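Contents: one structure, followed by commentary.
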Amino acid sequence: MRRRNLVLSAPGRLELVGEELPDVPDGGLLLHTVATGLSAGTELAFVKGEHPALGSTFDPELGLFAAGADAAYPVTRLGYMEVARVAESRTPAFGVGDLVATPYGHATAHVADPVREHVVPLPADLDPLLGVYVAHMGPICVNGLLHAAADVAGPGTTDLGDGVRGRLVVVVGAGVIGLFTALLAAEHGAAEVVVVDPDERRLAVASALGLGTLHDPDRSDGASADDPARTLKTRWRHGPGDHGADVVFQCRGRSFALGTALRVLRPQGTVVDLAFYTGGADDVQLGTEFHHNGLRVVCAQIGRVPRGSAPSWDRARLSRETVRLLRSRGDDVRAHLVTDVVDLEEAAALMTAVAARERHVLTAVFTVAP
């Protein structure tokens, strides 16, 4: 069987390429794509030629990056937000017609090995377009809350709300990850959730979702009249010399956003960082609030749950928590976070336009006709 796969042959050069799929092995699945979502931050970094992996190689054993990339282009797999129907199954674990979420990139079909790949059965009552969040994007955000919970209750936490329940929460960045994380925090009992971002269009979406909002003027010196740190620390007083957010989720890959996250945080608080800094963060001023207020920054990327939590918080559980949120707030997510739905044939043009800042999206979903 042949499929069409979105390939990036050089910066800004995207095209759908036909290629042959292998036969379905024993225990395998043939998946026909229903929808595939755009992860704008990661994918557009490749399209613009800004992704760190294009200029360096990563040693997964030592956890080190080194200068020099091995054949950076073409990039033959873009994306990790796919929903598909099982067209052929050679395992009793999945039936023909089952709807699943699994990350394999923007392609019309895929041969999957469910023993080695993350394949999540989707409930029949879930909008298939919302399934794009289940395999990877949603678990990123759930893992952020899990890190906050472990910071409060330790790695043995069984309750995703331990880090936010009854607490004052700031989310810096009103992209998809920020908004999804904010919805999770609200769903799990945060006393108040405020989303901070410089883009008024995205703040309007946060407000429509029932979240608090503050404009971030892209400054770190507190000189602006609408400085979110000064506003929140005036509003949220815990005691003498103790003002600000209990926990901050930093979800925007810009160094000034990390500076904002540190500034809004109360002393000895924790920033849970979900951002991807494609350009690094050379100008973060670690000699100011970070140093004097005894703050912590914890990286919460999908590859690692908090130390000691892996036995009880595997990827499947993170996906189940994503489905739980989508069942509760799915109508809102569909109405406000899924901003564009186009055929996969239009993916290259849309991605090029977004990369050139000619078009604004939160989640774009590319559909494939049956």
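The values are calculated or read from the model by the stated rules, or taken from the named source; none is laboratory data. Just so we're clear, the structure is a prediction, and the values are computed from it rather than from any experiment. So basically every Cβ, Gly included, is an ideal-geometry build from the backbone, and we count neighbours across all protein chains shown. Side chains are part of the model used for accessible areas, which takes the heavy atoms of the whole protein and leaves out ligands, DNA and RNA. Shrake-Rupley method; radii C 1.70, N 1.55, O 1.52, S 1.80 Å.
Quick check: with the 1.4 Å probe, what order do Cys251, Cys141, Cys299 take by accessible area, largest first?
These residues rank, largest area first, as Cys299, Cys251, Cys141.
Run the numbers on the chain and let me know its relative contact order in percent, using alpha-carbon pairs under 8 Å that are six or more apart. Could you put the intermediate results ahead of the total?
Working: 808 pairs, mean separation 62.2, N = 370.
Result for the chain is 17 percent.
Can you show me the helix-derived [θ] at 222 nm for the chain, built from DSSP H runs with n ≥ 4 at -39,500 (n - 2.57) apiece and divided by the number of residues, rounded to the nearest 500.
The helix contribution divided over the chain gives -8000 deg cm²/dmol.
Once you sort the root eigenvalues of the Cα gyration tensor of segment 53-126 as a ≥ b ≥ c, which label holds: rounded (a/c under 1.5), prolate (a/b larger than b/c) or oblate (the other case)?
Prolate shape, in that a/c is at least 1.5 and a/b is the bigger ratio.
What is segment 141-285's relative contact order, in percent, from Cα pairs under 8 angstrom and six or more apart in sequence?
Dividing the mean separation by the residue count of segment 141-285 yields 22 percent.
Would you list Glu346, Glu19, Glu358 from the most to the least accessible area, probe 1.4 Å?
Glu358, Glu346, Glu19
Between Ala281 and Ala153, take the C-beta separation as r, use R0 = 35 Å, and let me know the FRET efficiency to the nearest 0.05.
The computed FRET efficiency comes out at 0.75.
How much length, in nm to one decimal, is gained on full extension between Arg334 and Ser56, taken as 0.36 nm per residue of separation minus their Cα-Cα distance?
Between Arg334 and Ser56, full extension yields 96.4 nm more.
Please give me the summed charge of the neighbours of Cys141: other residues whose Cβ is under 14 Å from its Cβ, Lys and Arg +1, Asp and Glu -1.
Local net charge: +3.
Find the all-direction average of the projected area of the Cα convex hull for the chain, expressing the result in square nanometres with one decimal place.
Taking a quarter of the hull surface, the average projection is 18.7 nm².
On full extension of the chain, what length is gained from Arg327 through Phe65, given 0.36 nm per residue of separation minus the C-alpha to C-alpha distance?
So the chain would gain 90.4 nm between Arg327 and Phe65.
Once you keep just the Cα pairs under 8 angstrom separated by 6 or more residues, what percentage relative contact order results for segment 52-195?
15
Looking at segment 79-117, which trypsin sites (Lys or Arg not before Pro) are DSSP coil and have at most 15 other C-beta atoms within 10 Å of their C-beta?
Passing both the DSSP loop test and the Cβ count: Arg90, Arg116.
I'd like the GluC sites (Glu not before Pro) in segment 45-99 restricted to DSSP loop residues with at most 10 other Cβ atoms within 10 Å, sorted by number.
Values: sites: Glu50, Glu61, Glu82, Glu88; in loops: Glu50, Glu61.
In loop regions of segment 45-99 (DSSP not H, G, I, E or B), the sparsely surrounded GluC sites (Glu not before Pro) are Glu61.
Under 11 Å from the Cβ of Arg320, count the other residues' Cβ atoms, weight Lys and Arg +1, Asp and Glu -1, and hand me the total.
Combined, the nearby Lys, Arg, Asp and Glu give +2.
Could you check the spin-label model distance between Ala208 and Ala191? Points 7 Å from the Cα along Cα→Cβ, value in nm.
Calculated label separation equals 3.1 nm.
Residues of segment 135-152 with amide nitrogen under 20 Å from the 7 Å Cα-to-Cβ point of Arg320?
Within reach of a label on Arg320, which here means backbone N under 20 Å from a point 7 Å along Cα→Cβ, segment 135-152 contributes 135-150.
What percent antiparallel are the DSSP beta bridges of segment 176-291, to the nearest 5?
Percent antiparallel among DSSP bridges in segment 176-291 is about 20.
Can you give me the Cα centroid spacing of segment 109-153 and segment 194-210 in angstrom?
24
Using the beta-carbon distance between Arg296 and Asp125 and R0 = 56 Å, what value does 1/(1 + (r/R0)^6) give for FRET efficiency, to the nearest 0.05?
In this case the efficiency is close to 0.90.
Any chance you could get the radius of gyration and Dmax over the Cα atoms of segment 243-370, in Å?
For segment 243-370, the Cα-based Rg and Dmax read 18.5, 58 Å.
Given the C-alpha atoms of segment 99-219, compute the convex hull and give its volume per residue in Å³.
Value for segment 99-219: 154 Å³ per residue.
Let me check something: with ligands and nucleic acids excluded, how do Lys233, Lys48 order by accessible area (1.4 Å probe), largest to smallest? Display every interim value, and only then the final one.
Numbers: Lys233 50, Lys48 85 Å².
The residues order as Lys48, Lys233, largest area first.
Could you check what % of the DSSP bridge pairs in the chain are antiparallel, to the nearest 5? If you can, show how the numbers build up before the last one.
Numbers: 36 of 63 bridges.
Taking every DSSP beta bridge with both residues in the chain, the antiparallel ones total about 55 percent.
Can you give me the Kirkwood hydrodynamic radius for segment 175-303, using every pair of distinct Cα atoms, in Å to one decimal? Write down the numbers at each step before the final one.
On the way: mean 1/r = 0.0673 Å⁻¹.
Evaluated over segment 175-303, this radius sits at 14.9 Å.
Which value in nm describes the separation of the simple spin-label points at Glu345 and Arg359, placed 7 Å from the Cα toward the beta carbon?
1.5
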